[in-house]
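Chemist: Quick one: the structure is below, and I'll ask about it shortly.
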Amino acid sequence: MKPWFLLAVSACGLLSATSASAAERPNRPNLVFVFSDDHAYQAISAYGDPRKLIDTPNFDRIAREGMRFDRCLVPNSICGPSRATVLTGKYSHKNGFYNNTNSRFDGSQTTMPKLLQAAGYQTAIVGKWHLVSDPTGFDYWDILPGQGVYYNPPMIRNGQPVKRAGYVTDIITDLSLDWLKERDKSKPFLLMCHHKAPHREWSPNLKYLGHDGDRNYDLPETLFDDYSGRGKAEHEQDMTIEKTMNESDIKLKRLANLTPEQQGPWDAYYGPRNDAFRKADLKGRELVQWKYNRYLHDYLGCIKSVDESVGRILQYLDDEGLSENTLVIYASDQGFYLGEHGWFDKRWIFEESLRTPFLARWPGVIKPGSVNCDLVSNLDFAPTMLDAAGLSVPAEIQGCSLIPVFNGKTPDDWRKSFYYHYYEFPGPHSVAKHYGVVTDRYKLVYFYEPEFNYWELFDLKKDPRELKSVYGDASYADIQRELHDELARLRKSFEVPDKDAPETDLKKALPKAKAKAKTRK
Ligand code: SGN
Ligand code: CA
């Protein structure tokens with residue numbers, strides 16, 4: 001008999017149909033999409049990390065009043081590609097944005113904001129963009145150039161450079177709320193509020209320095225992983241707290257662009273702690289633990305502001321009587337490591353990187369307090385928003401509308417397997433190119449470049465931390481064969497070319513890639 005995950009023939013249910021026509025939804029819903037950069041689901045209290053890292057009342061409010069998705073997977077776990085997927089509902093090989101090194105978004109292609117705009121929605125994007133070309137499909141755009149900075153960020157407002165004073169998360173929230181206040185109230189809207197936080201070098205708002213005292217966070221079980229049981233790529237990556245995390249990351253160095261008024265409280269917090277650290281002259285595991293605590297303190301401080309931003313936006317919707325008719329989505333561009341496997345960063349097909357937090361609220365459509373474990377993806381965001389607006393979903397979109405899932409009626413032919421493909425190598429953090437297939441229990445991965453060229457197979461039920469590949473183990477022979485077949489089927493159905501597109505060959509651009517890895521954008 002065929003295994004369950006091979007039974008599904010289509011990618012997921014209701015491929016091109018809309019779940020409800022525009023006529024059935026006379027009051028087209030508003031769409032509020034709050035997106036962050038590198039937010040680990042482990043850092044949202046609603047997801048229940050055993051370390052209990054932080055209390056996030058506003059993210060938790062969306063989960064309580066809506067749905068928490070426990071398996072939202074990204075097709076290429078890195079910033080630009082993830083954003084291109086959100087806009088297009090397509091894999092990197094279809095939208096042309098493969099990596100942060102040499103990709104440039106082709107803004108002439110069809111995107112979800114363009115379709116909504118053409119259908120009479122007011123559209124805005126505020127904050128992180130990171131797609132190189134100028135935004136298209138937005139009535140208003142006010143973006144950070146490149147990665148952006150945490151304090152006093154230069155921004156680009158509808159093509160014009162502007163300099164802003166203050167903390168970036170607050171600025172993005174203020175600008176988003178200003179746009180909402182000034183919009184044409186007779187039309188529905190799409191607001192994409194895209195935070196920079198908590199991206200590296202994870203600098204919190206000054207008011208959150210010391211937010212949890214000098215807490216020692218519980219350590220993840222795998223902080224001192226030695227990568228045995230896995231291959232060359234895992235051994236040769238460059239993303240460990242121990243070796244890769246640098247002096248700016250752990251605030252032994254001052255940031256470049258604080259005003260003297262901002263520098264005062266910054267020095268008052270970090271100064272004495274850094275002095276004590278230098279005096280202690282820590283080594284080995286003690287040093288890694290100190291860096292881990294400093295990292296989490298700063299990272300979680302950034303999260304506090306993003307949570308606050310969500311709270312302010314939800315409050316505005318309440319005050320204006322908009323909450324009932326608004327689909328609110330919160331997600332990150334990918335997951336992130338908070339010390340698991342000794343790492344920070346993302347890029348891998350492995351869980352902490354692959355799984356992004358995803359919370360959605362839509363009163364009357366989503367049952368409050370629901371939890372969903374289906375394989376969903378940020379590929380599904382564009383078709384979901386189009387469907388919510390009563391628009392038909394273009395056939396070339398590779399994701400699927402989540403509205404039946406919101407209704408608690410996941411179609412029988414919903415995806416049971418997921419295709420993943422990462423391309424940015426050589427590049428920052430040195431994660432080798434790989435692709436693979438993920439099901440609810442297994443993961444088959446291929447590191448396909450000649451100097452790597454090996455397969456791995458993980459059984460998440462027996463090995464949830466993904467510590468030991470069982471590829472080639474006789475007891476997994478059947479499942480291994482089936483996963484190979486499924487991977488081939490997915491590559492064919494998503495029209496993945498046999499050979500990667502020439503622009504993904506970063507070895508040719510190696511000197512540039514190396515320079516970029518060293519230079520802060
Ligand atoms: C920068 C960071 C990396 C990070 C990439 C991509 N280095 O290069 O740590 O992986 O961005 O991040 S830094 O020294 O500039 O901080 S992404 O979110 O844009 O994908
Ligand atoms: Ca990111």
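The values are calculated or read from the model by the stated rules, or taken from the named source; none is laboratory data. Computed from a predicted structure; not experimentally measured. For neighbour counting, all protein chains shown are included, and Cβ atoms are generated from backbone atoms with ideal geometry for every residue, glycine included. Quick note on the areas: whole protein, heavy atoms, side chains included, nothing else; ligands and nucleic acids left out. Shrake-Rupley method; radii C 1.70, N 1.55, O 1.52, S 1.80 Å.
Residues checked against (1) assigned to a helix (DSSP H, G or I); (2) under 20 Å from the mean Cα position of the chain (by Cα); (3) more than 16 Å from ligand 1 (Cβ to nearest atom); (4) of a type outside the set (A, V, I, L, M):
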position	(1), (2), (3), (4)
323	no, no, yes, yes
337	no, yes, no, yes
341	yes, yes, no, yes
391	no, no, yes, no
401	no, yes, yes, yes
405	yes, no, yes, no
412	no, no, yes, yes
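Chemist: Tell me the residue from 481, 489, 441, 465 that is away from ligand 2 (no atom under 16 Å from the Cβ), modelled with pLDDT of 95 or more and under 30 Å from residue 201 (Cβ atoms), please. Steps first, answer last, please.
Modeler: Values: 481 fails: under 30 Å from residue 201 (Cβ atoms); 489 fails: under 30 Å from residue 201 (Cβ atoms); 441 fails: under 30 Å from residue 201 (Cβ atoms).
One residue alone meets the criteria, 465.
Chemist: Just give me the residues in the range 211-229 being open to solvent by less than 30 Å² (accessible area, probe 1.4 Å) and of a type in the set (A, V, I, L, M, F, W, C), in sequence order.
Modeler: Once the filter is applied, which keeps residues that are open to solvent by less than 30 Å² (accessible area, probe 1.4 Å) and of a type in the set (A, V, I, L, M, F, W, C), the range 211-229 yields only 223.
Chemist: Filter the range 199-224 for residues that are assigned to a loop (DSSP other than H, G, I, E, B), away from ligand 2 (no atom under 16 Å from the Cβ) and not aromatic (Phe, Trp, Tyr) and give the result.
Modeler: Across the range 199-224, the qualifying residues are 204, 205, 209, 210, 215, 216, 218, 219, 220, 221, 222, 223.
Chemist: Evaluate the range 428-440: report whether one residue or more is surrounded by fewer than 17 Cβ atoms within 10 Å (Cβ to Cβ) and outside the structural domain of residue 490 (by TED's automatic domain parsing).
Modeler: Taking the range 428-440 first, the residues surrounded by fewer than 17 Cβ atoms within 10 Å (Cβ to Cβ) are 430, 440.
Still in the list and also outside the structural domain of residue 490 (by TED's automatic domain parsing): none.
The answer is no, given that none of the residues of the range 428-440 is surrounded by fewer than 17 Cβ atoms within 10 Å (Cβ to Cβ) and outside the structural domain of residue 490 (by TED's automatic domain parsing).
Chemist: Would you confirm whether any residue within the range 23-40 is in a loop (DSSP other than H, G, I, E, B), more than 16 Å from ligand 2 (Cβ to nearest atom) and modelled with pLDDT of 95 or more?
Modeler: The initial filter retains those residues of the range 23-40 that are in a loop (DSSP other than H, G, I, E, B), namely 25-29, 37-40.
If we keep only those that are more than 16 Å from ligand 2 (Cβ to nearest atom) as well, we get 25-29.
After this cut, where a residue has to be modelled with pLDDT of 95 or more as well, the list is 28-29.
Checked the range 23-40: at least one residue is in a loop (DSSP other than H, G, I, E, B), more than 16 Å from ligand 2 (Cβ to nearest atom) and modelled with pLDDT of 95 or more.
Chemist: Looking at this structure, is residue 323 hydroxyl-bearing (Ser, Thr, Tyr) and either farther than 25 Å from residue 455 by Cα or surrounded by fewer than 24 Cβ atoms within 10 Å (Cβ to Cβ) (or both)?
Modeler: Details: hydroxyl-bearing (Ser, Thr, Tyr): yes; either farther than 25 Å from residue 455 by Cα or surrounded by fewer than 24 Cβ atoms within 10 Å (Cβ to Cβ) (or both): yes.
Considered against the rule, which asks whether it is hydroxyl-bearing (Ser, Thr, Tyr) and either farther than 25 Å from residue 455 by Cα or surrounded by fewer than 24 Cβ atoms within 10 Å (Cβ to Cβ) (or both), residue 323 comes out as yes.
Chemist: Only one of 140, 208, 167 is open to solvent by less than 50 Å² (accessible area, probe 1.4 Å), farther than 30 Å from residue 253 by Cα and away from ligand 1 (no atom under 16 Å from the Cβ). Can you tell me which?
Modeler: Details: 208 fails: farther than 30 Å from residue 253 by Cα; 167 fails: farther than 30 Å from residue 253 by Cα.
From the options 140, 208, 167, the qualifying one is 140.
Chemist: Just give me the residues in the range 70-105 being in contact with a His (Cβ under 8 Å, 6 or more places away or on another chain) and either open to solvent by 10 Å² or more (accessible area, probe 1.4 Å) or away from ligand 2 (no atom under 12 Å from the Cβ) (or both), in sequence order. Steps first, please.
Modeler: The initial filter retains those residues of the range 70-105 that are in contact with a His (Cβ under 8 Å, 6 or more places away or on another chain), namely 75-76, 79-80, 83, 91-93, 100.
Once the filter is applied, which keeps residues that are in contact with a His (Cβ under 8 Å, 6 or more places away or on another chain) and either open to solvent by 10 Å² or more (accessible area, probe 1.4 Å) or away from ligand 2 (no atom under 12 Å from the Cβ) (or both), the range 70-105 yields 75, 91, 92, 93, 100.
Chemist: For residues in the range 26-58 being charged (D, E, K, R) and closer than 23 Å to residue 200 by Cα, which is surrounded by the fewest Cβ atoms within 10 Å (Cβ to Cβ)? It would help to see each step written out before you state the result.
Modeler: Within the range 26-58, the subset charged (D, E, K, R) is 28, 37-38, 49, 51-52, 55.
From what's left, closer than 23 Å to residue 200 by Cα: 37-38, 49, 51-52, 55.
On the way: 37: 26, 38: 26, 49: 16, 51: 14, 52: 10, 55: 13.
Ranking the qualifying residues of the range 26-58, first place goes to 52.
Chemist: When you scan the range 497-516, do you find a residue that is free of Cβ contacts under 8 Å to residues at least 60 places away in the same chain, closer than 30 Å to residue 249 by Cα and among the aliphatic types (A, V, I, L, M), even just one? First the steps, then the outcome.
Modeler: First, pick out the residues of the range 497-516 that are free of Cβ contacts under 8 Å to residues at least 60 places away in the same chain: 498-499, 502, 505, 508, 511, 515.
Filter once more, so that each one left must be closer than 30 Å to residue 249 by Cα: 505, 508, 511, 515.
Those still in the list that are among the aliphatic types (A, V, I, L, M) too: 515.
Checking the range 497-516: at least one residue is free of Cβ contacts under 8 Å to residues at least 60 places away in the same chain, closer than 30 Å to residue 249 by Cα and among the aliphatic types (A, V, I, L, M).
Chemist: To continue, here is another question. Would you check which residues across the range 130-148 are over 17 Å from residue 36 (Cα atoms) and part of a loop (DSSP other than H, G, I, E, B) and list them? Walk me through it before giving the result.
Modeler: Narrowing the range 130-148 to residues over 17 Å from residue 36 (Cα atoms): 132-140.
132, 133, 134, 135, 136, 137, 138, 139 - these are the residues of the range 130-148 that are over 17 Å from residue 36 (Cα atoms) and part of a loop (DSSP other than H, G, I, E, B).
Chemist: Evaluate the range 299-317: report whether one residue or more is open to solvent by 10 Å² or more (accessible area, probe 1.4 Å), more than 16 Å from ligand 2 (Cβ to nearest atom) and farther than 25 Å from residue 189 by Cα.
Modeler: There is at least one residue in the range 299-317 that is open to solvent by 10 Å² or more (accessible area, probe 1.4 Å), more than 16 Å from ligand 2 (Cβ to nearest atom) and farther than 25 Å from residue 189 by Cα.
Chemist: Residue under question is residue 196, and the condition is that it be more than 16 Å from ligand 2 (Cβ to nearest atom) and either surrounded by fewer than 21 Cβ atoms within 10 Å (Cβ to Cβ) or at negative phi (or both); does it hold?
Modeler: Details: more than 16 Å from ligand 2 (Cβ to nearest atom): no; either surrounded by fewer than 21 Cβ atoms within 10 Å (Cβ to Cβ) or at negative phi (or both): yes.
Answer is no for this residue.
Chemist: May I ask you to say which residue of 253, 243, 232, 187 is open to solvent by 30 Å² or more (accessible area, probe 1.4 Å), outside the structural domain of residue 325 (by TED's automatic domain parsing), more than 16 Å from ligand 2 (Cβ to nearest atom) and in contact with a strand residue (DSSP E or B) (Cβ under 9 Å, 6 or more places away or on another chain)?
Modeler: 232
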